[in-house]
Amino acid sequence: MDRESAEEDSLDSTLVELRQSNLPGGPVVVSVCITCKTADGGAVVGSEMFAAVRAALGADDPGVMVRPVQCLSVCKRPATVAVTSPDGYTFLFGDLQTESGTAALKSFVKSYQKSDYGLVPWRERADVLRKGMVARVPPMRWSPDDGRAPK
């Protein structure tokens, strides 16, 4: 085999891998609970979190939609944010502070967009998101018989 055909074969296999990639389709949706209150039931912190997340993520990428939601039912762990996409995992995070949470979410969303099914590797998640993890829900359309994560 000559060098040119080896390079062509390598390019062909790279293209096949890209086509077989399972990147999340559609926009990444970041839902921010705007009714979250501090743990003692005092001040509403959700609207401040929404404003910060929207400012950090809203204009950077047309493939990301930041939306306010009334409640994510994680009232004991404010502020709460969900990250999802039509064909990707849904991640639910709680105990987020405006500054550290916003920076962590921005990095997480970028990794989410590049990961199969949006399944961001643990090592790529900021510490605040590792500690704040509430749930990881598999994509609706993905349902393997053995229950294992997709490859």
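List of remarks:
- Cβ pairs under 9 Å, 6+ apart, first in the stretch 33-45 and within 22 Å of Val83 (Cβ to Cβ), second of a type in the set (Phe, Trp, Tyr) and outside any loop (DSSP other than H, G, I, E, B): Cys33/Phe50; Ile34/Phe50
- Qualifying residue in the stretch 102-114 (condition: modelled with pLDDT of 95 or more, under 16 Å from Gly26 (Cβ atoms), in contact with a Phe, Trp or Tyr (Cβ under 6 Å, 6 or more places away or on another chain) and crowded, with 16+ Cβ neighbours inside 10 Å): no
- The stretch 79-89, subset out of contact with any Leu (no Cβ under 8 Å at 6 or more places or on another chain) and either crowded, with 16+ Cβ neighbours inside 10 Å or among the polar types (S, T, N, Q) (or both), residue nearest to Asp116 (Cα to Cα): Asp87
The values are calculated or read from the model by the stated rules, or taken from the named source; none is laboratory data. Keep in mind that this is a model prediction, so the values were computed, not measured. Cβ atoms come from the backbone with ideal geometry, glycine included; neighbour counts cover every protein chain shown.
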